[in-house]
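The values are calculated or read from the model by the stated rules, or taken from the named source; none is laboratory data. Keep in mind it's a predicted model, so treat the numbers as computed, not measured. Here the Cβ is made from the backbone with ideal geometry for all residues, glycine too, and neighbour counts use every protein chain on show. Side chains included, ligands, DNA and RNA excluded: accessible areas come from the protein's heavy atoms. Shrake-Rupley method; radii C 1.70, N 1.55, O 1.52, S 1.80 Å.
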Amino acid sequence: MDKKEILSKFSADPERYYKVKLFDNEGFERKSCATCKRFYWTIDENRVNCPDHSDDTYSFIGNPPTAKRFDYTQAWKEVESFFVKNGHTSVNRYPVVCRWRDDLYFTIASIVDFQRVMGSKVVFEFPANPLVVPQTCLRFKDLENVGLTGRHFSSFCMIGQHSIPNSQGYWKDECIDLDYRLVTEQFGVDKKEVIFVEDVWEGGGSFGSSLEFFVKGLELGNAVFTEFQGDLSNYKTLDQQIIDMGAGLERFAWLTMGTPTAYDCCFGPITNNLLQQVGIDANDELLVTYFTEIAKHLERFSDLSEVRKNAIKTSGLSDEQINKIITPLEGIYLIVDHIRTLIFAISDGALPSNVGGGYNLRMMLRRIISTMDRLSLKFDMNEIVDTQINYLKNMYPELEKTREDIKTIIGIESGRYENSKLRMEKIVSKLNQKPTVDDLIRLYESDGVTPDYLKEMKVISDIPSTFYSKLSQLHQSKKQKEQDQVSLEKLPDTELLYYGDDPKEFDAKVLKSFDKYVVLDKTSFYARGGGQEPDHGTIEKFEVVDVVKHGNVVVHELKNGIPKEGSTVSCVIDSKRRDGITKNHTSTHILNSSTRSVLGSWVWQHSAFKEEDHARLDITHHSALTDDETAKIEKLANSIVEKNMSVTIESFDRGTAEQKYGFKIYQGGIVPVKSVRIVSIEDFDVEACGGTHVKKTGEIELIKITRTKRIQDGVVRIEFVSGPTALDYTKQHDASIIKKSAELKEKMEMKEKRREKKQELRERFPILVDSIIQSKIGTNIVDEIIVDMTESGKPNFCSTISDQYDELFHTSLGQKIIEKDPWMVYCGVFEDGDKIRTIIYSGEQAAKYKKAVDIAKLVSEMLGGAGGGNQRFAQGGGKEKFKKNDAIEKAKAMVLEV
Ligand SMILES: [Zn+2]
Ligand SMILES: [Zn+2]
């Protein structure tokens, strides 16, 4: 459906779709904009244009239309007290990491807080009605505007005013009346300044009218009435109508302060502090002029660099003023904005990485660093984090708990970026033309080179306006769910016995059997789910090899046949297997909380797998685990086992569970049912989980981590065993340690023996040399050294392949022998690690016939390697140890043939 079509249809009947009681009571008049023809409602009879086309656009800058001034957190207190006074419940913000929705990484609007997906349908669950919530929202598609326009943020507070029209809630009349009174009574804006513009909203198969409200050209909020479903030719009223009024808190604060930009009043004392550090006067008249021009030009040009260029021209700024004031100011705004977003995201458990939602966070941190480098700003990021939290905690006290964790993560991630700079420099130096938007995306995705880095390196002067929107499109929605379709229509939900008495033997009726599958009316076989592997066992004489849930119907896969439909079958579950799996499952919960308390608040379960004799838990963490960390985690986990804590299981309404325990319960992912099963290990761990668990942690006996590994950026795998498997593992592990240490001891003893033998030989060295020289004609053996003495005037040959001699021995002996007998050739072959080496000496006379280098070459070649040297001394070797004897024989023949 086209929004324009809906708008023209609704605007054709304003009485029905737009006119609220307030308009009659206050004498609002409906007008059409002289410029763009859009319809709006006002009490100002002289007004001819809509807020976008009025002359007074952004005239609140430097001249706020309210009597009182409220900064960011004060503005919230005003809004909150107004709505609470008028019967609303004030609800705490929900996490910015959207754990309860499968299709979003981050919370992008306040209404998302209350949306739960069930099947293909979105349902609304309100913890109170009506309510108001200060929801921090993250949006990355306008990232290039942040800092430059004075009003774009990467995260902002959406004031969510939500109501379901029933006995507690209200509909259009009261909503618009409240919003009008909020602006005029609570904030003191002149009634004449408030303008309502007609608009429509459409999405997810439903649609409705909406009224945007403006003051001085600034859109403060938009009241959306989700009312219909169907298409324009045929639509009906929804069963569940919803008011979704979203207003920007940043804008309320800005309107009352009238500062040059929204940043000046929303980041608390931090911007002023940084401006002072670089010597910019925040009260400079020039800033008011410049940012008012920016605001005007934003409506006229879609390209940001055009906006900037024209604003510079019309406000008459010099190059020096641009370089000394505007450019550093834009940088500071960007840095403060991005750090604020990182504070919320990391605090709620997101980590910068190269996957999923982590992408945008890494991008932002790199932008901060690049911007500081480009502008030579030397700010301390920890200090900025501290100042921001000190300010924000008035409104969001929970940030205090993760203050140090945020600094840790930012520190680690900054270090990584610094380390990758050398590589990025190389990549950038190879670019030979100006990169396109697609090049920029590729450069970031595959090499981590951000456009801000390219700007810093002066490769590009501006970031193309489509870059961030394209990138965020690529990384916004995640996880396409596949559901294999087995036709099980008309079958009733299977009764799940494992959530009741959990019998290990039971009888059941076969409702359907086909191929190798069986559906029963009830079952105690646990179906694969939440990382827990299915039960095995038997149905009649058939082996159960797999159990899967399709919707609410459990399907058993059998081996070697299936029972008849309609028959009653006796079923037996393999309890030993179930027992192992159950212990591993409770152990997963224990380890999950243990890792978080040892490592930091950013740790979440990424995924898990529980089999009978092994299990694994993947957690979100920035680095590989050290041995020390692993030991600490294991120790803490086993202390929970030793304490024999009770494991309790209770069911709650989903909204109640979320309010009571927070979103940490969704460690295993979202729960697509209205009633959630909460598994608590006393106050140590609370999770929403559909798995099987022990009753007391003591039953687990022991948890043993067998291996840890960093499996992807930001995810660490912990493999472990528990129960009897862990005890066995420890026993085997101990046994293998004993065996290994015995082997080691033996090796050491052998080494020592050899060393002693060598020492002994060295002492006998002079005697050895003498006995070799004195050998008579023929073959003699002296201490494993073979001496072949020939008649005088011919070369003699002396060799050994014994392992008891080392390099030092061979070189000393060879040298000594040829000194004493110039006719002698000495050839030593010995093993050295995985190589075999040879050392050759040829006496003064012998060398005339046989050069050492020739013998070395021949021997080495036979050993599969190469040799070299001169006529008196040479060496070489190879790898073929088994050719030792052949090589010596060849050398001997070569020498003695003369
Ligand atoms: Zn207009
Ligand atoms: Zn679980």
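Can you list the helices (runs of 4 or more DSSP H) lying wholly within region 235-314 that have 3 or more residues being more than 18 Å from residue 62 (Cα to Cα)?
It comes to 269-278, 285-300.
Would you confirm, using the coordinates I've provided, whether residue 408 is touching a Gly at 6+ places or on another chain (Cβ under 7 Å), in a helix (DSSP H, G or I) and closer than 23 Å to residue 270 by Cα?
In short, yes.
Quick test of your reading of the structure: residue 688 fulfils all but one of (1) in contact (Cβ under 8 Å) with a residue 40 or more places away in the chain; (2) surrounded by 15 or more Cβ atoms within 10 Å (Cβ to Cβ). Name the failing condition by number.
(1)
Would it be correct to say that residue 647 is buried (at least 17 other Cβ atoms within 10 Å of the Cβ), in contact with a Gly (Cβ under 8 Å, 6 or more places away or on another chain) and not charged (D, E, K, R)?
no
Please pick out the residue among 308, 300 that is buried (at least 18 other Cβ atoms within 10 Å of the Cβ) and basic (Lys, Arg).
After applying the criteria, what remains is 308.
Name the residues in region 3-32 that are within 16 Å of ligand 1 (Cβ to nearest atom) and within 48 Å of the chain's Cα centre (by Cα), would you?
Those that are within 16 Å of ligand 1 (Cβ to nearest atom) and within 48 Å of the chain's Cα centre (by Cα): 4, 7, 8, 11.
Search region 153-189 for residues being open to solvent by 30 Å² or more (accessible area, probe 1.4 Å), in a loop (DSSP other than H, G, I, E, B) and touching a Lys or Arg at 6+ places or on another chain (Cβ under 9 Å), and hand back the single one that is farthest from residue 255 (Cα to Cα).
Once the filter is applied, the top-ranked residue is 165.
Could you tell me how many of the residues in region 594-612 are more than 24 Å from residue 351 (Cα to Cα) and open to solvent by less than 10 Å² (accessible area, probe 1.4 Å)?
Within region 594-612, residues that are more than 24 Å from residue 351 (Cα to Cα) and open to solvent by less than 10 Å² (accessible area, probe 1.4 Å) number 1.
Against the condition buried (at least 19 other Cβ atoms within 10 Å of the Cβ) and either among the aromatic types (Phe, Trp, Tyr) or touching a Leu at 6+ places or on another chain (Cβ under 6 Å) (or both), how does residue 615 come out, does it pass?
Taking the combined requirement at face value, the residue does not satisfy it.
Going by the conditions given, is residue 686 in contact with a Cys (Cβ under 6 Å, 6 or more places away or on another chain) and either within 23 Å of residue 349 (Cβ to Cβ) or assigned to a helix (DSSP H, G or I) (or both)?
The answer is no for residue 686.
Only one of 92, 86, 63, 46 is open to solvent by 40 Å² or more (accessible area, probe 1.4 Å) and free of Cβ contacts under 8 Å to residues at least 12 places away in the same chain; which?
After applying the criteria, what remains is 46.
Taking into account only those residues within region 693-728 that are open to solvent by 10 Å² or more (accessible area, probe 1.4 Å) and of a type in the set (S, T, N, Q), which is nearest to ligand 1 (Cβ to nearest atom)?
Restricting to residues being open to solvent by 10 Å² or more (accessible area, probe 1.4 Å) and of a type in the set (S, T, N, Q), the top hit is 712.
Yes/no per residue for (1) touching an Asp or Glu at 6+ places or on another chain (Cβ under 7 Å); (2) touching a residue at least 24 places away in the same chain (Cβ under 8 Å); (3) of a type in the set (Asp, Glu); (4) open to solvent by less than 10 Å² (accessible area, probe 1.4 Å):
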| site | (1), (2), (3), (4) |
| --- | --- |
| 198 | no, yes, yes, yes |
| 202 | no, yes, yes, no |
| 216 | yes, yes, no, no |
| 238 | yes, yes, no, no |
| 247 | no, yes, no, yes |
| 253 | yes, yes, no, yes |
| 258 | no, yes, no, yes |
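Looking at 610, 559, which is the one that is within 16 Å of ligand 2 (Cβ to nearest atom) and either within 23 Å of residue 515 (Cβ to Cβ) or charged (D, E, K, R) (or both)?
Going through 610, 559 in turn, just one is within 16 Å of ligand 2 (Cβ to nearest atom) and either within 23 Å of residue 515 (Cβ to Cβ) or charged (D, E, K, R) (or both): 610.
Mind telling me which of the residues 51, 65 ends up being under 26 Å from residue 37 (Cβ atoms) and either within 16 Å of ligand 2 (Cβ to nearest atom) or touching a strand residue (DSSP E or B) at 6+ places or on another chain (Cβ under 8 Å) (or both)?
Answer to the selection: 51.
Quick check on my filter: what residues within region 95-125 are within 30 Å of residue 261 (Cβ to Cβ) and surrounded by fewer than 18 Cβ atoms within 10 Å (Cβ to Cβ)?
109
Which residue is farthest from residue 587 (Cα to Cα), if the candidates are limited to region 729-751 and must be open to solvent by less than 80 Å² (accessible area, probe 1.4 Å) and at pLDDT 85 or above?
It comes out as 742.
Which residue pairs have Cβ atoms closer than 6 Å, lie 6 or more positions apart in sequence or on different chains, and pair a first residue in region 7-27 that is more than 13 Å from residue 39 (Cα to Cα) with a second residue that is assigned to a helix (DSSP H, G or I) and among the aliphatic types (A, V, I, L, M)?
Qualifying pairs under 6 Å: 20/176; 22/176.
Identify, by number, the condition in (1) assigned to a strand (DSSP E or B); (2) over 22 Å from residue 596 (Cβ atoms); (3) within 14 Å of ligand 2 (Cβ to nearest atom) that residue 692 doesn't meet.
(1)
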